[in-house]
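The values are calculated or read from the model by the stated rules, or taken from the named source; none is laboratory data. Computed from a predicted model, the values in this text were never measured in an experiment. Heads up, the Cβs are rebuilt from the backbone with ideal geometry, glycines too, and the neighbour counts pull from every protein chain shown. Remember, those area values only see protein heavy atoms, side chains included, never the ligands or the DNA or RNA. Shrake-Rupley method; radii C 1.70, N 1.55, O 1.52, S 1.80 Å.
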Amino acid sequence: MGAMITSLRITNTCAKISLLFLVVVINSCNTLKRVGENELLLTENTIFADGEEVKDEAIESLILQEPNTTILGYPLRLNLYNLAKKNPDSSYQAWLYRKEKREPRLVRLLSKKQVDRLGESFLVTGLSDWLKNIGEAPVVIDTTKARRTLERLSAYYGSKGYFNNNTTFDVDSLSKKKRAKVDYKVELGKPFFIDTLSHEIASKAIDSLYQLNNELSFVKQGDQFDLTQFSRERERLSSTFRNSGVYNFQESSISYDIATDTTKVADDQQMNIELNIDNFKRRGDTAVTSSEYKVYRFDKINIYTDYLYDESDSEQKFISYGDYNIFYHDKLRFKPKTLANAVFFKKDSIYRDIDRTRTYRQITNLGVFKYPTITSEPNGDSNTLDANIYLAARPKYSLGTSFEITRSNIQQVGLALSPSLQARNLFGGAENLSLAGRLSIGSSNDPSIIDNRFFNIQEYGADLNLDIPRIWFPFFNTNSIIPSYTLPRTRISLGTSFQKNIGLDKQAFNSVLSYNWVPSDFIKHNVELINLQFVRNVNIDRFFNVYRNSYEQLDEVADLFDNANLYPELEPFFETVGTSTDPRLIIPSGTTGFTQAVLNNEITTTAAQLQTVSRIEERRDRLTENNLIFASNYTLNLNNRETITDNTFYQFRFKVESAGNLLSAISEIIPFEENENEDRLIFGVPYSQYIKTEFDYVKYWNVSRDNVLALRTFFGIAIPYGNSNNIPFVRSYFAGGANDIRAWSPYSLGPGSTDAINDFNEANLKIGVNLEYRFPLIGDLKGALFADAGNIWNVFDNVEDPAATFTGFKSLEDIALGTGFGLRYDFTYFVLRADLGFKTYNPANEISQRWFTDFDFSNAVLQIGINYPF
């Protein structure tokens, strides 16, 4: 999944310019400009099998000529190609010598060399070359390629058992000039079926293994002939033999003899299949020899911890540990148990390819070795193998550093330095310790910051992580539950950070004890047994400097009481700034004094005014209080994506988190201190207590060869109880942003139908649905159309605003809808993304004004992000 960089608004002026440019481009193009007089532009291909149209992408890919690509039906790349001059150099020469004195005059003004180079410049020839490169030449129907396509179609259907198929093609000229489509027609005929199956196997060991595993065959009597099934069966047999002790089995040893039954009538369409498995073949310098395949078992298993030394080296030392001989030079730096747990070969066990793969993965997962080399050598004529595992250790210590120049909404310019130290194999058991520090300074023009230095904001901190390549759980052995082939890991981390002149100057401490393991490529588990986070707000007096929306709402109420004659007791709470005659509440003394006067009924207010001030004070208390979160969580990830190019897959993530329950249980035994709200305290801080769960589902469909439809659905809820009546800010949900509902900036949507009344709007319930259609444009530039729906709400907490609260199905009327389009450029290692979102349905408006009222460029939001949003 990508991170948001910024959000920008697009003006109507820019939109008009862009639209004008698009109109100019469209009108300046002639689709048939490069199509000759006796040529036809290919517009469509259709395949018919026995009269029925075929829409299988795999079959359509057999066609050698595809029509020019289009974007929403418009051939952009073709028309860009047509904008280029056919022979730009000749055009330049003709222009240069069209007038008798033009060339000498340019030579006197420039030089002969510069005049010649002018003809090679970008504006003369380079622009045309560039347009041709990003564009696409017209696809003119080529009957030779059409006949070659027929051959491919015939071969494909032949591989499916239709050996007697016939193929033809028709060029169908369209009413539009110089355009045509091609229809490929296949008469399948009757398919052939498998009548009898037999086998001829040279090696006794292979024959025995075949008999034991024959029931799982992909090639079965009575099935229609399908060459794909034969290929799958060869792969299955090869994998079966190589995982049953035959370490040297060659897939090329498997072949099939296919014949029709001549004793039956001609149109019976029955086939006799014979499976042949030859002996092992070894190619020498002068001849090819063969021998029977055998089932091999391991004899010696040698682990070389330094690949620079081999077994014959006189300086090589070794120890025996269980089934393994561990060789080393000078001093063994690794615990024998750690090495043994990473190897899945066992003495006297048969060879299995899966054990070899698991050994590769586990050794690599240790993080202390480079990629290993594993060999298996037979011992003479016996049926035993010696396994040799060659390892090369990574450096014990490594240093790193990174330097960044940044800019954000809180600083004009910032400098960040992040040094790091990594210590590998810290205790001899492949434990890896990493220490990373970070120091950043920035320049802010926030007038509330009392610091005249240019770099007036700072943030610094450090993180310490210890990775252990096994499940570390005191007094309990988890190997029987979580075997080592699942790549188990334990992570223990400590971190801290400090801010100065940033927000409320938070000081944070966190600690995590987590376990993760991967039973297969499809499933991943993660358990955070301890997730401890403590946040202390140092400078809470800056709340109204940071959360300006809250200040403006409070000041708006206070303006109604700015009368020294009627409310003399409130006069000290106001001040005028500069040349302004409008008194403003003083931060923090004025905001605190006015709030207390209202809440203590020292002045008479309306119910609405009291509600507004109460809500603001409640939010101030929540966001300025220190937080202590002692949580545990479990996350399940499912992913059936096979390769990075696979565009038909799904991902599912489920997470459940519980906080405060252990502390509550302890408080029943050991009484805790309590505050005035009867919240139990740990070191003077009320701990959070809640249950939180999330469901995240992503599905991809490969619509065509290069077009993808992607869907994401999300549901998350966090319910406070016991010691809490709200969710900590860091555990709450927000809406909007580059990876969410893109027609809104981050934190600017919701909760519910409220109109972003706070600076950072968050809540404890979130629903989201994202749909995106992705398609190629030009080269590595791709486009997308998207629709995002969702919102956040408060539920089961202390928020009483009905507009922000989820009350049932009726609240689903507050689900926002944003639609738009985007551009993505693929840099191979990452994707740079720009999405323009339009507010299609805005729940913050009156019900009659919600649809398309804000659907214009002035209210659109440009989101810049890295990688795809999901």
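How much length, in nm to one decimal, is gained on full extension between Asn867 and Tyr650, taken as 0.36 nm per residue of separation minus their Cα-Cα distance?
Working it through step by step, the gained length comes to 76.3 nm.
In degrees, nearest 10, range 0 to 90: what is the angle between the Cα axis of helix 589-599 and the longest Cα principal axis of the chain?
Result, in degrees: 80.
Enumerate the lysines that Lys347 could reach by cross-link, defined here as Cα to Cα under 19 Å, with residues fewer than 8 away along the same chain left out.
Lys294, Lys300, Lys337
What number comes out for the charge environment of Lys185, summing +1 per Lys or Arg and -1 per Asp or Glu over other residues with Cβ under 10 Å away?
Computed value for this residue: -4.
What's the local net charge at Thr384, with K and R +1, D and E -1, over the other residues with C-beta under 12 Å away?
Once positives and negatives cancel, what remains is -1.
Give me the angle, in degrees from 0 to 90, between the Cα long axis of helix 227-242 and the longest principal axis of the Cα atoms of the chain, rounded to the nearest 10.
80
Pick out, from Ile741, Ser231, Gly779, the residue whose Cα sits farthest towards the positive end of the charge dipole of the chain, with +1 on the Cβ of Lys and Arg and -1 on the Cβ of Asp and Glu.
Towards the positive end, the residue furthest out is Gly779.
Starting from the stretch 612-714, pick out the GluC sites (Glu not before Pro) whose DSSP state is loop and whose Cβ has at most 13 other Cβ atoms within 10 Å.
In loop regions of the stretch 612-714 (DSSP not H, G, I, E or B), the sparsely surrounded GluC sites (Glu not before Pro) are Glu642, Glu668, Glu676, Glu678.
Please state the charge dipole magnitude for the chain, taken about the Cα centre, from unit charges on C-beta atoms (+1 on K and R, -1 on D and E), reported in debye and rounded to the nearest 20.
3340
What lysines sit close enough to Lys101 to cross-link, taking a C-alpha to C-alpha distance under 17 Å and skipping anything fewer than 8 places away on the same chain?
Result set, ordered by chain and number: Lys112.
From the square roots a ≥ b ≥ c of the eigenvalues of the alpha-carbon gyration tensor of the stretch 711-817, which class results: rounded (a/c under 1.5), prolate (a/b over b/c), or oblate?
It comes out prolate by the Cα gyration axes.
If I compute solvent accessible area with a 1.4 Å probe over the protein chains, what percent of it on the chain is carbon and sulfur?
C and S fraction of accessible area: 54 percent.
Beyond 28 Å between alpha-carbons counts as too far, so tell me which of Lys317/Lys370; Lys335/Lys655; Lys160/Lys204; Lys132/Lys176; Lys160/Lys281 fall in that bin.
Long pairs (Cα-Cα over 28 Å): Lys335/Lys655; Lys160/Lys204; Lys160/Lys281.
Give a quick list of trypsin sites (Lys or Arg not before Pro) in the stretch 144-216 that DSSP marks as loop, anything other than H, G, I, E or B, with at most 13 other Cβ atoms within 10 Å.
Loop-located and lightly packed - Lys176, Lys177.
Mind checking which aspartates and glutamates have their C-alpha under 14 Å from Lys33, skipping anything on the same chain fewer than 8 residues away?
Cα-Cα hits under 14 Å: Glu136.
Rounded to the nearest 0.05, what FRET efficiency do Ser418 and Thr579 have when you use their Cβ-Cβ distance and R0 = 45 Å?
Result of the calculation: an efficiency of 0.50.
At Leu399 and Phe715, where each label point lies 7 Å from the Cα along Cα→Cβ, what is the point-to-point distance in nanometres?
The two pseudo-label positions are separated by 5.4 nm.
Stretch Phe509-Glu187 to full length: gain in nm at 0.36 nm per residue minus the Cα-Cα span?
Using 0.36 nm per residue and subtracting the Cα-Cα distance, I get 108.7 nm.
Excluding Phe683 itself, calculate the net charge of residues whose Cβ lies under 15 Å from the Cβ of Phe683, where each Lys or Arg counts +1 and each Asp or Glu counts -1.
Result for the local shell: -2.
Given points 7 Å out from each Cα along the Cα-Cβ axis, report the Ile449 to Thr624 separation in nanometres with one decimal.
Result: 2.1 nm between the two label points.
Find the relative contact order for the chain and round it to a whole percent, using C-alpha pairs within less than 8 Å whose residues are 6+ positions apart.
Computed over the chain, the figure is 8 percent.
In whole Å, what is the distance between the alpha-carbon centres of the stretch 825-870 and the stretch 487-562?
For the stretch 825-870 versus the stretch 487-562, the Cα centre distance is 27 Å.
At 0.36 nm per residue, minus the direct Cα-Cα distance, what do Ser175 and Asp323 gain on full extension? Give it in nm, one decimal, please.
Answer, rounded to one decimal: 45.4 nm.
What shape does the chain have by the C-alpha gyration tensor, where a ≥ b ≥ c are the square roots of the eigenvalues, rounded means a/c under 1.5, and otherwise prolate means a/b greater than b/c and oblate the rest?
Oblate, because a/c is 1.5 or more while a/b does not exceed b/c.
Per residue, how much accessible area does the chain show when a 1.4 Å probe rolls over the protein heavy atoms, in square angstrom?
Accessible area per residue, the chain: 54 Å².
Contact order normalised by length for the stretch 793-870, with contacts defined as Cα pairs under 8 Å and 6 or more residues apart; what percent is it?
25
Taking the 0 to 90 degree range and rounding to the nearest ten, how far is the long axis of helix 88-98 tilted relative to the main principal axis of the chain, both from C-alpha atoms?
70
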